[in-house]
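Beneath this line is the structure, given in structure tokens, with notes to follow.
The values are calculated or read from the model by the stated rules, or taken from the named source; none is laboratory data. Since this is a predicted model, take the numbers as computed values, not measurements. Don't worry about glycine lacking a Cβ; one is built from the backbone with ideal geometry, like all the others, and counts go over all protein chains shown. For the accessible areas, the whole protein counts, side chains as well, though only heavy atoms, and no ligand, DNA or RNA atoms are used. Shrake-Rupley method; radii C 1.70, N 1.55, O 1.52, S 1.80 Å.
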Amino acid sequence: MLELSKYHGSVPLKSGDIAARQSIPVRFLEVILNELKASGLVQAKRGVQGGFLLTCRPDEITVGRVIRLVDGPFDPVRCMNDSSKSPTCPLRENCSLIELWAQAKAAVEAVYDGTTFKDLVDREQALHRSLASNYCI
């Protein structure tokens with residue numbers, strides 16, 4: 001999503017190019033791209049000039065939305081998810097850790113849900129500018 005966000009409004013990106021830029025295996029990326037395509041966040045264009053594109057602007061897509069789509073809820077432990085297929089923990093009612101886990105979950109969600117892919121693109125550009133301004137011969 002980060003690579004697609006960097007090139008939003010430009011040409012479609014091929015999965016091999018995205019994988020190389022992000023140092024991830026192509027097959028792993030293709031699985032993720034298929035999930036993103038099924039969700040409607042990504043569009044695939046066929047042909048020689050084809051590849052993948054975002055279906056909306058990077059400032060409309062949060063990191064949290066994408067992580068939930070690919071990985072599921074941000075539950076730090078399985079018993080946090082009441083809708084899980086596993087039986088509810090018998091210690092849940094008297095668990096001294098559940099409040100801590102709930103706070104950790106809320107903090108993680110706030111960071112991810114408060115960060116868009118445009119934010120990440122902007123941060124990366126700022127890092128590149130900072131590195132370039134520190135360069136001396």
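The set of residues in the range 1-17 that are over 19 Å from Thr62 (Cα atoms) and either within 14 Å of the chain's Cα centre (by Cα) or part of a helix (DSSP H, G or I) (or both) comprises Ser15, Gly16, Asp17.
Kindly evaluate Val66 against the criterion of being assigned to a helix (DSSP H, G or I) and in contact (Cβ under 8 Å) with a residue 60 or more places away in the chain. When the stated conditions are applied, Val66 passes them. Considering each residue of the range 27-38 in turn, none proves to be within 28 Å of Ala110 (Cα to Cα), open to solvent by less than 70 Å² (accessible area, probe 1.4 Å) and assigned to a loop (DSSP other than H, G, I, E, B). Between Pro76, Pro90, the distinction of being touching a Lys or Arg at 6+ places or on another chain (Cβ under 7 Å), part of a loop (DSSP other than H, G, I, E, B) and not small (Gly, Ala, Ser) belongs to Pro76 only.
Scanning the range 98-123 for residues that are exposed (fewer than 13 other Cβ atoms within 10 Å of the Cβ) and more than 21 Å from Leu69 (Cβ to Cβ) turns up Glu99, Leu100, Gln103, Arg123. The set of residues in the range 10-26 being surrounded by 12 or more Cβ atoms within 10 Å (Cβ to Cβ) and without any contact (Cβ under 8 Å) to a residue 12 or more places away in the chain consists of Gly16, Ala19, Ala20, Ile24, Val26.
State which residue is farthest from Lys118 (Cα to Cα) when the search covers only the range 39-67 and only residues that are open to solvent by 70 Å² or more (accessible area, probe 1.4 Å) and modelled with pLDDT under 95. Looking at residues that are open to solvent by 70 Å² or more (accessible area, probe 1.4 Å) and modelled with pLDDT under 95, I get Val48. Quick check on the range 93-137: of everything there that is of a type in the set (Val, Ile, Thr) and in contact with a Lys or Arg (Cβ under 8 Å, 6 or more places away or on another chain), which residue is modelled with the highest pLDDT? For the range 93-137, the residue satisfying everything is Val121.
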